[in-house]
Amino acid sequence: MDDNSADSLRRSARNVIEELRELAKLTSNPQGAQRLAWGPVWKQARAWLKDKVSALGLSPEADAAGNNWITLPGESSRTVIVGGHLDSVPNGGWLDGSLGVLVALEALRRYGQGPKPPVTLRLVDWADEEGARFGRSLLGSSAAAGRLNVGEIRELRDADGIRLEDALRDHGVMLDTMLNARQQLARIDAKAYLEMHIEQGPVLESINRSAGVVLGTFGLERNMVRFVGQAAHSGSTPIAMRRDAFLAAAATALECREIARRHSAPNAGVVCTVGVVKVEPGIVTAVPGVAEISIDQRALDPNVLASMHREAQDASRRFAAENGVSVEWRPLFRIEPRPFDPHLLALCEESVREMTGDAPKLPSGPLHDAAEMVPHMPVVMMFAYSAKGLSHCKEEDTPEEHLEKAIGAFLLLVDKTMASVARA
Ligand SMILES: [Zn+2]
C-alpha cells in the first residue's frame, strides 16, 4: 500500500462507516439487525456483499461449511486473511460482525486499485458465528478449523422445529461434507489472520480509547461445587456444633474473588464469578445442610487458570473442614485459552498507538472466530470502543469519531501485516 497517509486512512474509514450504515438500513427493522444465519435477510446481506466485490472484479467462493471467501491474488501465494461475520443475533446491532467484514472489504478495495499486491489478501465472511438460531456458535469457523463435531449438531433444530441439517442444505452446505472446509483452509498458504470487532464490553469506553489490542480469548474453567453438612434447627443448635454447608460455600466464594485479585496482573483481566447459589432446605429456621455454588473462572494464561482452579479447590476443602462439611467438585465446561501471536500483537500495538496515541491491551471475554484460527496460523484481533459496553441489541453503538480512528488503526495493521508477510 503506497498511500497509508492519515488522509487516505480517514477516507477509507468514512467508506466503511457509510457501508455499515447502508447494510444496516438494508437488513434491519426498528428492533435492530435481522441477519440471522441461514435466513433470508442474511442471504440478502451476502448478496449485497457480492455486488460490492464484483465492482472490484472479485467474487465470493463458498467453502464446504458455507464460509464465503473473497480473494485478491498477490505476487506471492503467502496470504493475509481478514475475517468477520455478516450474521447477527435477532434484534442485533449494526457493528457486531459486520464491522469486521466491511473493514476487510475496504482493505480489498485499497489493495485492488493499484498494482498487484506483494502477497495475497483474502476476506472471509464466516457462516453462523452467532449460533443464535440453532445454538452452536462459531459453526463455520470451527468446521474450517476441524474442531466441529458433526455428530453433536446433527439433531439441532431451531425454535420452529426446522432441522439445522435442512437449513444448511438450503444454502448448499451438506452436514456430512462440511468438514472438508478444513482441507480447503489447509490449502491456503495463510501467514496471518486479522479480525476487527467491537469490544462488546465497557473497558475501552472507561478509559476513553477508540481501539485496543486484544491479547487473546479467555480460557474458562466452570464447575459446580457441592457442600454437604447437616440440616439442623436454627434455634436449638449451638454455633460451635453446626455443620453449616452454606458458610463453607460463602467463604469459598469470597476466597475465589481474592484468588482472582491475586492473579490479576495488569491487562490480564482475570475474572471469577459465583453465579448460582442453591441452599437446602432453604427455610429461615434451618441451618443449611446442603449448599451448591457455581464457580466460573477465566484467564488468558493457561498456567494462571490452572493455579486459580487448584487454589479454589484447596480453599473449598479448607472451608469445608472448618465447617465440618464435605465438598465435591463437578466439572461443567472448560475451554483452553487462546493467546494471540506475539509478532502480530506488536504490529497491532504499533498501529493502534500511531492512530490513537495509546495502545491499551485487553483480553477477550467472548469467543470469536479468530480463536478457532489460533492453532492454524498467527492471529490477532483489534477491538473498537463499544458505547456503554452494549452489544447483541439495537442500542449497540460506537461513536463515529471513535469508529473512524479504530478503523484507521485496523487498516494500518493490515498494511503492516501485508508488508511483514511480504518481507518474510
Ligand atoms: Zn460478533
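The values are calculated or read from the model by the stated rules, or taken from the named source; none is laboratory data. A quick note: this is a predicted structure, and the numbers were derived from the prediction, not measured. A quick note on method: Cβ atoms are made from the backbone with ideal geometry, for glycine too, and the neighbour counts reach across all protein chains shown. The protein model used for the area step is the full one, side chains on, heavy atoms only, and it has no ligands, DNA or RNA in it. Shrake-Rupley method; radii C 1.70, N 1.55, O 1.52, S 1.80 Å.
Could you list, in sequence order, the residues of the range 316-348 that are part of a helix (DSSP H, G or I), touching a residue at least 40 places away in the same chain (Cβ under 8 Å) and surrounded by fewer than 20 Cβ atoms within 10 Å (Cβ to Cβ)?
Filtering the range 316-348 for residues part of a helix (DSSP H, G or I) gives 316-322, 342-348.
From what's left, touching a residue at least 40 places away in the same chain (Cβ under 8 Å): 316, 319-320, 322, 343-345, 347-348.
Within the range 316-348, Glu322, His343 meet the criteria.
Can you pull out the strands (runs of 3 or more DSSP E) entirely within the range 34-129 that have at least 2 residues that are within 16 Å of the ligand (Cβ to nearest atom)?
Fully inside the range 34-129 and qualifying: 76-84, 119-125.
Examine the range 388-402 for a residue that is among the aliphatic types (A, V, I, L, M) and within 24 Å of Gly112 (Cβ to Cβ), and state whether such a residue exists.
Taking the range 388-402 and keeping what is among the aliphatic types (A, V, I, L, M), we get 390.
When the remaining residues are screened for being within 24 Å of Gly112 (Cβ to Cβ), the result is none.
Within the range 388-402, not a single residue is among the aliphatic types (A, V, I, L, M) and within 24 Å of Gly112 (Cβ to Cβ).
How many residues does the range 392-414 hold that are in a helix (DSSP H, G or I) and open to solvent by less than 20 Å² (accessible area, probe 1.4 Å)?
Within the range 392-414, residues that are in a helix (DSSP H, G or I) and open to solvent by less than 20 Å² (accessible area, probe 1.4 Å) number 10.
Going residue by residue through the range 216-227, is there one that turns out to be touching a residue at least 24 places away in the same chain (Cβ under 8 Å), within 30 Å of Leu347 (Cβ to Cβ), in contact with a Ser or Thr (Cβ under 9 Å, 6 or more places away or on another chain) and in a helix (DSSP H, G or I)?
No, because not a single residue in the range 216-227 is touching a residue at least 24 places away in the same chain (Cβ under 8 Å), within 30 Å of Leu347 (Cβ to Cβ), in contact with a Ser or Thr (Cβ under 9 Å, 6 or more places away or on another chain) and in a helix (DSSP H, G or I).
Of all residues in the range 135-149, which are open to solvent by less than 50 Å² (accessible area, probe 1.4 Å), away from the ligand (no atom under 16 Å from the Cβ) and part of a loop (DSSP other than H, G, I, E, B)?
Answer for the range 135-149, where residues must be open to solvent by less than 50 Å² (accessible area, probe 1.4 Å), away from the ligand (no atom under 16 Å from the Cβ) and part of a loop (DSSP other than H, G, I, E, B): Ala145, Gly146, Leu148.
Out of Met381, Met355, I need the residue that is buried (at least 18 other Cβ atoms within 10 Å of the Cβ), of a type in the set (A, V, I, L, M) and over 16 Å from the mean Cα position of the chain (by Cα). Which one?
That would be Met355, the only listed residue that is buried (at least 18 other Cβ atoms within 10 Å of the Cβ), of a type in the set (A, V, I, L, M) and over 16 Å from the mean Cα position of the chain (by Cα).
Can you tell me which residue within the range 233-261, out of those that are without any contact (Cβ under 8 Å) to a residue 40 or more places away in the chain and open to solvent by 70 Å² or more (accessible area, probe 1.4 Å), is farthest from Leu305 (Cα to Cα)?
Within the range 233-261, the match that is farthest from Leu305 (Cα to Cα) is Ser236.
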